[in-house]
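K.L.:
Next up is a structure, given as C-alpha cells.
The values are calculated or read from the model by the stated rules, or taken from the named source; none is laboratory data. The model shown is predicted, which means the values in this text are computed figures rather than measured ones. Cβ placement follows ideal geometry from the backbone for every residue including glycine, while neighbour counts extend to all protein chains displayed.
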Amino acid sequence: MNRILIVGHPNSGYQEVENILQERGMASPQPSRREALSPQDITATLCKIHQVPDILSITLEDEIKPMRVAPVWHGMALDLMLGNLEQKLWGWSDPQSIYSLEYWRQLDDGLTFVLVYDEPKQALFNATVKRNTLSSTTIEHHINNWKAYNGALLAFFLRNRNRCVLVNAQQVKRNADACLQQLQPLLTAQLLSTSGSDIEDVGDVVADSENSYLALSNNPNFSLQNLTELTSLAGLDTKETQQILEGNDVENYLLEQLLSDYPACQHLYAELQSVANLPMQEEFNEALNPGKVLEKMIQQRQMNAELASGLHQAYLCINETLGLSITKQLNEGELMLSQLHQVQEELESQYLQRQELESLNIQQLSEAKAFNATQRKKIDEQGKKIDKLQQENKQLLTQVHQVQEELERFFLENQKLKKQQAPVYYGAAERIKQELGYRLGAIMIKRSRSLTGWLGMPQALATERKAWHQQNTTQPENNLPPISVYRDAHEAERVKNHLSYRLGQDLISSEGSLFRWIKLPFALYRSVRQYRHQRRG
C-alpha cells in the first residue's frame with residue numbers, strides 16, 4: 001500500500017499532517033491523464049453528482065452518508081492511478097472525502113487512510129478568529145458540526161482498522177516520528193527517517209504548536225514586527241508586552257466552561273482519544289480558577305491601556321513635531337516667493353536689454369556678410385582637400401580588389417587540396433553491431449527473457465546466421481575500409497565490451513569442436529559474470 005488519503009475536519013489541522021508526510025517522502029499526486037483531474041477534483045465531482053451537503057453545514061452524523069458511485073464514474077479514478085504509476089509513494093488530503101471514504105476503500109485496495117481529529121474547542125477557536133463574534137446559535141452549530149464529522153470519521157475507523165491510522169493533529173506536530181511508526185506497517189514503501197535538517201523543521205512545528213490556542217486578542221494579521229514598532233512608539237518593553245497580550249488562559253477557561261454544556265461532544269472526544277493510534281498526550285497544567293483568569297484579564301487590560309496611552313503620547317509628540325515642520329515649510333515658502341519676485345525683476349531687465357540689442361542688428365548683418373565671405377574661402381580650401389582624399393581612397397580600393405583576388409585564388413587551391421585528401425569514415429560502432437557475433441549475442445539476450453524464447457533460441461540463431469550470410473554475399477564487408485581508419489574507431493572498442501558481442505564471440509569460437517560445445521554454457525556464464533562485475537565497478 002503506497003497511496004495515502006488524509007481526511008480531517010477543515011479545522012482539525014490536517015494540512016500540517018500532510019506537510020509532515022511530504023517532508024518524509026510522500027509525493028503529491030499527478031493529475032489524471034485525460035481530464036487532468038486531481039483527487040480533490042474527482043471527489044468534488046462525485047459530491048456534486050450526488051448532491052451531498054457542504055461539510056460545514058451539517059449538524060448530524062446521519063447527514064454524512066457514503067456515496068453509492070455507479071461504475072460509469074470509475075474511469076476518473078482509474079485514469080488518476082495511471083497518471084501516478086511511476087510514483088512509489090504518493091497521497092493527498094481532502095476534508096470533503098468524508099463522503100467518499102467507502103468509495104475509495106472499495107476502489108483501491110492499496111490505499112491507506114490517515115484520519116485526523118482535534119479537540120472540539122479548536123473548532124470554536126478557529127470560528128471565533130474568522131468571525132470575531134459568535135452568537136449562541138452559531139456556537140452550537142459549530143459544536144454539532146464537529147461532532148457529526150468526527151463521529152463519521154470514528155465509525156469508518158472502527159470498521160476499517162486494518163487500513164486506517166487515527167491520529168491527533170496536535171500530537172503529530174509534537175511527535176512526528178510516533179505518527180510515522182504507526183503508519184509505516186501499512187506501507188510497502190519506506191518513509192524517510194528524522195535526521196539532520198528534518199529535526200530542526202519538526203522542532204519549529206512543535207514550538208509553534210505548544211501554544212495550541214493563542215489568545216483571541218491575537219489578531220492573525222498583527223505580526224511581531226508591528227507589535228515591536230508599536231511598543232517602541234509607546235515606550236514599552238516588547239517581550240513583556242507580547243507575553244501578556246498572547247496569554248491564552250482566559251480563552252481556554254471560557255472555552256472549557258462553554259464545552260461543559262455539551263457532554264456528548266466531550267464524550268465523543270474521549271472515545272476518539274481511547275481508540276486513536278496516536279492520541280493527544282495531555283500535559284499537566286495547573287487548573288485555572290476564576291480568580292487567576294480574572295487576574296490575567298486585568299493584566300491584559302492594563303497592558304492595552306498602557307499601550308494606548310503610550311501611543312497617544314507618541315501621537316501628541318508627532319503632531320507637535322508635524323506642526324513645527326509645517327511652520328518651517330511656510331517660512332521657506334515665503335522666502336522662495338520673495339526670491340521669485342527678484343527673478344521676475346531680473347527677467348524684465350534682460351528683456352529691455354534684448355530690445356536694445358535688436359536695434360543693432362543692421363550693423364551685425366554687415367559684419368556677418370564679411371564673416372561669411374571668409375568662411376566660404378575656408379570651405380573651398382576644405383573642398384580641395386576632400387578631392388585629394390577621394391583620389392587616395394580610389395587607390396586604396398584598387399589595392400583591396402587585388403588582395404581579394406589573391407584570397408579567392410588561395411581558396412580555390414585549398415579546395416583542390418581538400419579533394420585530394422583521403423575520405424573520412426564514421427560508423428565504427430555500427431560496423432561492429434552488424435558483425436555476426438554481435439547479432440547472435442543480441443538474439444541470445446532477447447530470447448533469454450522468457451521460456452518460449454529459450455525454446456526457440458536455436459531456430460532464431462540459425463535464422464540470424466543465414467540472414468547474415470545472405471547479406472554479406474550481396475554486400476561483402478571486404479569492400480569496406482579497416483576499422484582503424486575510422487575517425488570514431490574508439491567507439492568500436494566500446495561496443496566490443498557489450499554483453500551481446502561477448503556472448504556472440506563465445507558462440508562462434510565454440511563451432512567446429514565438440515569439446516568447445518560442451519564448454520559453451522560455462523563460457524557464456526563467465527562472460528555474463530565478468531560483464532556484471534565490470535558494470536558494478
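K.L.:
Between a residue in segment 46-60 that is surrounded by 11 or more Cβ atoms within 10 Å (Cβ to Cβ) and any residue that is of a type in the set (Asp, Glu) and not in a loop (DSSP other than H, G, I, E, B), which pairs come within a Cβ distance under 8 Å, given they are 6 or more apart or on different chains?
P.N.:
Short answer, once both residue conditions are applied: 53/63.
K.L.:
So, residue 460, is that one surrounded by 14 or more Cβ atoms within 10 Å (Cβ to Cβ) and more than 14 Å from residue 439 (Cβ to Cβ) or not?
P.N.:
no
K.L.:
Could you tell me whether residue 474 is exposed (fewer than 12 other Cβ atoms within 10 Å of the Cβ), β-branched (Val, Ile, Thr) and farther than 25 Å from residue 423 by Cβ? Outline the logic, then answer.
P.N.:
Values: exposed (fewer than 12 other Cβ atoms within 10 Å of the Cβ): yes; β-branched (Val, Ile, Thr): yes; farther than 25 Å from residue 423 by Cβ: no.
So residue 474 does not fit the description; no.
K.L.:
Limited to segment 54-110, what total is found for residues that are in contact with a Ser or Thr (Cβ under 8 Å, 6 or more places away or on another chain) and hydroxyl-bearing (Ser, Thr, Tyr)?
P.N.:
Counting residues in segment 54-110 that are in contact with a Ser or Thr (Cβ under 8 Å, 6 or more places away or on another chain) and hydroxyl-bearing (Ser, Thr, Tyr) gives 3.
K.L.:
Could you check segment 491-537 and list, in sequence order, the residues that are in contact (Cβ under 8 Å) with a residue 12 or more places away in the chain, under 30 Å from residue 423 (Cβ atoms) and loosely packed, with under 15 Cβ neighbours inside 10 Å?
P.N.:
494, 497
K.L.:
Can you tell me which residue is farthest from residue 82 (Cα to Cα) among those in segment 99-122 that are in contact with a strand residue (DSSP E or B) (Cβ under 9 Å, 6 or more places away or on another chain) and part of a helix (DSSP H, G or I)?
P.N.:
Per the criteria, the residue is 101.
K.L.:
In segment 91-124, which residues are more than 22 Å from residue 69 (Cβ to Cβ) and surrounded by fewer than 21 Cβ atoms within 10 Å (Cβ to Cβ)?
P.N.:
122 - this is the single residue of segment 91-124 that is more than 22 Å from residue 69 (Cβ to Cβ) and surrounded by fewer than 21 Cβ atoms within 10 Å (Cβ to Cβ).
K.L.:
So which residues in segment 501-515 are in a helix (DSSP H, G or I) and not β-branched (Val, Ile, Thr), if there are any at all? Show your work before the answer.
P.N.:
Within segment 501-515, the subset in a helix (DSSP H, G or I) is 501-509, 514-515.
Scanning segment 501-515 gives 501, 502, 503, 504, 505, 506, 507, 509, 514, 515.
K.L.:
If you check 26, 67, which single one turns out to be modelled with pLDDT under 95, in the same structural domain as residue 94 (by TED's automatic domain parsing) and buried (at least 21 other Cβ atoms within 10 Å of the Cβ)?
P.N.:
The unique qualifying residue is 26.
K.L.:
Another question about this same structure. Would you call residue 7 in contact (Cβ under 8 Å) with a residue 60 or more places away in the chain, in a helix (DSSP H, G or I) and either assigned by TED's automatic domain parsing to the domain that holds residue 143 or touching a helix residue (DSSP H, G or I) at 6+ places or on another chain (Cβ under 7 Å) (or both)?
P.N.:
Considered against the rule, which asks whether it is in contact (Cβ under 8 Å) with a residue 60 or more places away in the chain, in a helix (DSSP H, G or I) and either assigned by TED's automatic domain parsing to the domain that holds residue 143 or touching a helix residue (DSSP H, G or I) at 6+ places or on another chain (Cβ under 7 Å) (or both), residue 7 comes out as no.
K.L.:
Tell me yes or no: at least one residue of segment 65-82 is more than 20 Å from residue 191 (Cβ to Cβ), in contact with a helix residue (DSSP H, G or I) (Cβ under 8 Å, 6 or more places away or on another chain), of a type in the set (Gly, Ala, Ser) and free of Cβ contacts under 8 Å to residues at least 40 places away in the same chain.
P.N.:
Taking every residue of segment 65-82 in turn, at least one turns out to be more than 20 Å from residue 191 (Cβ to Cβ), in contact with a helix residue (DSSP H, G or I) (Cβ under 8 Å, 6 or more places away or on another chain), of a type in the set (Gly, Ala, Ser) and free of Cβ contacts under 8 Å to residues at least 40 places away in the same chain.
K.L.:
Another one. Identify, from the list 88, 48, the residue that is over 17 Å from residue 182 (Cβ atoms), assigned by TED's automatic domain parsing to the domain that holds residue 147 and in a loop (DSSP other than H, G, I, E, B).
P.N.:
88
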